[in-house]
Amino acid sequence: MKDLYQRKINYMRISVTDLCNLRCQYCMPEAGIADKKHHKEILSFEEMAEIVKAAAKIGVNKIRITGGEPLVRKGIVNFISTISQIDGINDIAITTNGLLLKEMAKDLKEAGLKRLNISIDTLKPDRFKEITRGGDLSRVLDGIQEALRLQMKPIKLNAVVIGGFNEDEIQDLVRLTMADDIDVRFIELMPIGEASNWAKERFISNEEIKNRIGDMMALEGDPSSPAKYYRLPRAKGRVGFINPISSHFCESCNRIRLTSDGKLKPCLHSNQEVDIMDIVRRNPSELQQVLERAILLKPEKHYLYTTQHEIGHRNMSEIGG
Ligand code: SAM
Ligand code: SF4
């Protein structure tokens, strides 16, 4: 289905939980989520699967599972297996912090998971512990090795560069693309939730990061992907840049988001939400209509750093990035 601006919407991101086994400083408060939701306030996996079925009927073919940390929710492997069998869904991806990946990678692959994005901002154990408030980097690295061993493809590592924290590791991160077919992608820090009041020195544009990396070859990209890709000389993997702040990718935006508490979000940067919890519970025959309504509410572009921007009322851990 197309939205009002003729963008074809074929991609749904589902935040399956707002809980997480880490507490990244830019994403979650130290104490975790303040008001833990009762399980009735969270969509069950059966309900999510009904929503995916309805979404597939209006042209969604790609699903990304995110969170919070999606691998902490019980039943995630079965959920992936269920949605991979829905007619029309041909691409299932996950975004994970990787902590539980070593144990779960094989089951995830067998369930039909195709693509894996793993968030990793630093390769230094003490820094990892600091930014995630307690995480063990070695578990993430073991998870990446396991995914490589199982030949899960593609594997993308997402890094947020923070001024004064990990900017000296840019070269170490891109070097990971040399020996393995791994993409390393830099995502600009967004002034959302926990990071909404951070000092401007902590925000480094991807343009700046690209300049610091130096010589790379630009690659042809998929126009609907928000990432622009490059390759270091003789590297197996690619270096990608996702610039939600410094360059709008709104004009090719093809996505809609579903939160674990049953809200459709037409745009990451807007507080506008459409309730779908009630519909899936009481009037499932209207699911398609509600999805269509949310798609037609997609704004033309985001208003970050303009007078029209309202401060978001959710942290990234609730929306899923
Ligand atoms: N827990 C999983 C993970 O960390 O990959 C999935 C959810 S997490 C919210 C998804 C992505 O959002 C992560 O790559 C994280 O780095 C990113 N993220 C969270 N807060 C952010 C912010 N303020 N600016 C930019 N990226 C952010
Ligand atoms: Fe958890 Fe991911 Fe947020 Fe870190 S970025 S706190 S791992 S949800």
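Just so it is clear, none of the values below were taken in a lab; they were calculated from the coordinates. For clarity, every value in this text was computed on a predicted model and none was experimentally measured. Here Cβ is always computed from backbone atoms with ideal geometry, including for glycine, and neighbour counts include all displayed protein chains.
Structure notes:
- Taking D168, D121, D3 and counting other C-beta atoms within 10 Å, the order from fewest to most: D168, D3, D121
- Alpha-carbon Rg/Rh ratio, for the range 121-188, with Rh computed the Kirkwood way: 0.96
- Beta bridges by DSSP in the range 1-160, antiparallel share as percent, to the nearest 5: 5
- Compared with the dominant principal axis of the Cα atoms in the chain, helix 45-57 is inclined by about 90°.
- Rounded to the nearest 5, the antiparallel percentage of DSSP beta bridges internal to the chain is 30%.
- Relative contact order [Cα under 8 Å, 6+ residues apart], the chain, whole percent: 22
- Tail beyond 24 Å, pair distance distribution of the range 21-153 (Cα, percent): 36
- Computed over all pairs of different Cα atoms, the Kirkwood value for the hydrodynamic radius of the range 124-244 is 15.4 Å.
- Shape class of the range 69-110 from the Cα gyration tensor (axes a ≥ b ≥ c, square roots of the eigenvalues): prolate, since a/c reaches 1.5 or more and a/b is larger than b/c.
- Among A54, A294, A31, residue whose mean-square fluctuation peaks in a GNM of the chain (springs only between Cα atoms under 10 Å): A31
- Where only DSSP H runs of four or more residues are counted, the chain gives -8000 deg cm²/dmol as its mean residue ellipticity at 222 nm, each run worth -39500 (n - 2.57).
- Overall, the chain carries a charge dipole of about 600 debye about its Cα centre when +1 sits on the Cβ of Lys and Arg and -1 on the Cβ of Asp and Glu, all other atoms neutral.
- Cα-based shape type of the chain, given that a ≥ b ≥ c are square roots of the gyration tensor eigenvalues and the cut on a/c is 1.5: rounded
- Size check on the range 20-70: the Cα extents along the three principal axes, sorted descending, read 40, 24, 14 Å.
- Rounded to 5, the percent of DSSP beta bridges in the range 117-246 classed as antiparallel: 35
- Rh by Kirkwood over Cα pairs, then Stokes-Einstein D for the range 265-305 at 1.567 mPa s and 4 °C, µm²/s: 117
- Mean projection area, nm², convex hull over Cα of the range 200-270: 6.9
- Taking other Cβ atoms within 10 Å as a rough exposure proxy, S15, S205, S260, S225 sort from fewest to most as S225, S205, S260, S15.
- Anchor K102: lysines whose Cα lies under 22 Å away (excluding residues fewer than 8 positions away in-chain): K74, K114, K124, K129, K153, K156
- Largest GNM mean-square fluctuation among T82, T17, T66, using the chain with Cα springs under 10 Å: T82.
- Tail beyond 11 Å, pair distance distribution of the range 1-49 (Cα, percent): 78
- Trypsin sites (Lys or Arg not before Pro) restricted to the range 40-98 and DSSP loop, no more than 13 other C-beta within 10 Å: K74
- Angle between the chain longest axis and helix 287-296 axis [Cα atoms, degrees, rounded to 10]: 50
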